[in-house]
1. Want the number for residue 250 to residue 284: 0.36 nm per residue separation, take away the alpha-carbon distance, what's left?
2. Just grab the label-to-label distance for residue 103 and residue 330, each label 7 Å out from Cα along the Cβ direction, in nm (one decimal).
3. Calculate, for residue 44 and residue 292, the FRET efficiency according to 1/(1 + (r/R0)^6) with r their C-beta to C-beta distance and R0 30 Å; round to the nearest 0.05.
4. Could you compute the FRET efficiency for residue 258 and residue 177, with r as their C-beta to C-beta distance and R0 at 22 Å, rounded to 0.05?
5. Compute the angle between helix 28-43 and the longest alpha-carbon principal axis of the chain, please, reported from 0 to 90 degrees and rounded to the nearest 10.
6. Sort the chain into rounded, prolate or oblate with this rule: let a ≥ b ≥ c be the square roots of the eigenvalues of the Cα gyration tensor; rounded if a/c is under 1.5, and if a/c is not under 1.5, prolate when a/b is larger than b/c, oblate otherwise.
7. Quote to one decimal, in nm, the extra length available between residue 220 and residue 310 on full extension: 0.36 nm per residue of separation minus the C-alpha distance between them.
8. Multiply the residue separation of residue 240 and residue 146 by 0.36 nm, subtract the distance between their alpha-carbon atoms, and state the gained length in nm to one decimal.
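None of the figures in this text is laboratory data; all of them are computed from the coordinates on show. Model, not experiment: these values are computed from the prediction. Glycine gets a Cβ as well: all are built from the backbone with ideal geometry, and neighbour counts include every protein chain shown.
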């Protein structure tokens, strides 16, 4: 699947006032892609604002040193976006993922476009620029810069490196290719210092996050002779450990470190109610297909969803579905 970069260039060229949007519970790929894209578009003389449905998590605040990413309804009101010519949605194609920005996007008369690498897709009434084989949306932003004739600089390179490094598990996921390293080499040449980004992300742990990690690991359950692994976080765990909801990021990847794991999921209780589901796969069972059963989406190897209900019922529903999917796949 190739992206029509000529079409993308025309869409951007026709707009003066551009608002960038990404998903709630934003990660580095979402935030880094937005920040770099804003810098790229400003090089072209565009007026750009970044408005998300939720605030940037405190542990990722380093990626936005100027604190320019706004939260709708808090830092900016929907009526202040009425002059927008183009809403560019990055790193998601799902309505449920844009949170409070959905109402803005549904009601705007402005043009809409999507730049994304996820498989799942809702009808945004937007022009879609997507390549599902891309390692990260950050890679697509690098390609967008090339298509728009903008040279990457150090300010763009930092958030882009964070986006790509985190969405590839620091280059250990199967999505990584020789091209990934070629892009990373460009970012390093532009001025990024990888060790600094790693330090911001992985060497600033709080006691609360460490305690929460301990609970997650202590609750690990194994099924299908260890091929299926799951764990969970309850809403009360945040207060009891002193952790923040953003401290749950990447905890599921610890499950993949267990020898023999083919599929893993974590159920994360939300303070506002309900549960976030995160899936990871190393087998024929595709995460995005599993997530779609719970109105979620993502990639074959990684996906997520949100579900309401009591914890015991939620875990049983998810566990039963994944178990049956794995058993069915092993029979074919």
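1. Going from the current span to full extension adds 10.0 nm.
2. 4.8
3. So, using R0 = 30 Å, E works out to roughly 0.20.
4. The value I calculate is 0.25.
5. Tilt of helix 28-43: around 0 degrees.
6. Note, shape of the chain comes out prolate.
7. On the way: separation 90, 0.36 × 90 = 32.40 nm, distance 1.91 nm.
30.5 nm is the gain from fully extending residue 220 to residue 310.
8. 29.0 nm
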